[in-house]
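Here's a structure for you.
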Amino acid sequence: MSRAVCPGSFDPVTHGHLDIVARAARLFDEVVVAVGVNPSKSRLFGPDERVSMLERAIADIPNARVEGFTGLVTDFCREQGAEAIVKGLRSSGDFDYELPMAHMNVALTGVETVFLPTATGQSFVSSSLVKEVAAFGGDVAAFVPGFVLEALTTRLAERAAGA
Ligand code: PNS
């Protein structure tokens, strides 16, 4: 059985992420969506909240499941018996950021990275931009599932109120 890991912060999950997971699920027998923590990014949602949102978002993909992880993504891949990491590439900037990590990960444990070009309609979508636009009252409904939009709106209102 072929198994791949799709790692990310998913803070929050976007349609861009979901496109990559769905396409990875057509290439591999099983896909594990791995929800991690990127210490260089500020988080709006906690790890359990991000896992819950992803579980709901990928419920229609029968060969995909969600796990939280800490530590090295290569160690997580080994624990899961995954031979590949799947990442979406939106731009040459993504490629420059991802390539050294792909080299490091194959050097560490032999796990390969498969890059999928992001769907053209999603190539400008990132969780960070979605959060920024939403925080200033912009309409991000086209970029995230409806229930994520609700959670985002609620969380931003709580933050604005100082909660
Ligand atoms: O969506 P992001 O923020 O790009 O996701 C980043 C994440 C969590 C997938 C990445 O930071 C990660 O893989 N962290 C685990 C630590 C690790 O393995 N670092 C070495 C990479 S060569």
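The values are calculated or read from the model by the stated rules, or taken from the named source; none is laboratory data. Keep in mind it's a predicted model, so treat the numbers as computed, not measured. Positions of Cβ are backbone-derived with ideal geometry, glycine not excepted, and every protein chain shown enters the neighbour counts. Protein only, heavy atoms only, side chains kept; ligands, DNA and RNA dropped before computing areas. Shrake-Rupley method; radii C 1.70, N 1.55, O 1.52, S 1.80 Å.
Return the pair list, or none, for Cβ contacts closer than 6 Å from residues in segment 61-86 that are β-branched (Val, Ile, Thr) to residues that are more than 14 Å from the ligand (Cβ to nearest atom) and part of a strand (DSSP E or B), at least 6 apart or on different chains.
If the second residue must be more than 14 Å from the ligand (Cβ to nearest atom) and part of a strand (DSSP E or B), the pairs left are VAL86/VAL114.
Here's something else I'd like to know. Could you grab me the full set of residues in segment 120-145 that are open to solvent by 40 Å² or more (accessible area, probe 1.4 Å), over 22 Å from CYS6 (Cα atoms) and of a type in the set (Gly, Ala, Ser)?
The answer is ALA135, GLY137, ALA141, ALA142.
Could you list, in sequence order, the residues of segment 43-61 that are farther than 12 Å from VAL21 by Cβ and either assigned to a loop (DSSP other than H, G, I, E, B) or not charged (D, E, K, R) (or both)?
ARG43, LEU44, PHE45, GLY46, PRO47, VAL51, SER52, MET53
Identify all residues within segment 101-119 that are open to solvent by 30 Å² or more (accessible area, probe 1.4 Å) and part of a helix (DSSP H, G or I); write none if there are none.
MET101, HIS103, MET104, VAL106, ALA107, LEU108, THR109
Please state which of the following conditions PRO39 fails to meet, knowing it meets all the rest: (1) surrounded by fewer than 15 Cβ atoms within 10 Å (Cβ to Cβ); (2) away from the ligand (no atom under 14 Å from the Cβ).
(2)
Filtering segment 44-90 down to residues that are among the polar types (S, T, N, Q) and open to solvent by 20 Å² or more (accessible area, probe 1.4 Å), which residue is farthest from the ligand (Cβ to nearest atom)?
It comes out as ASN63.
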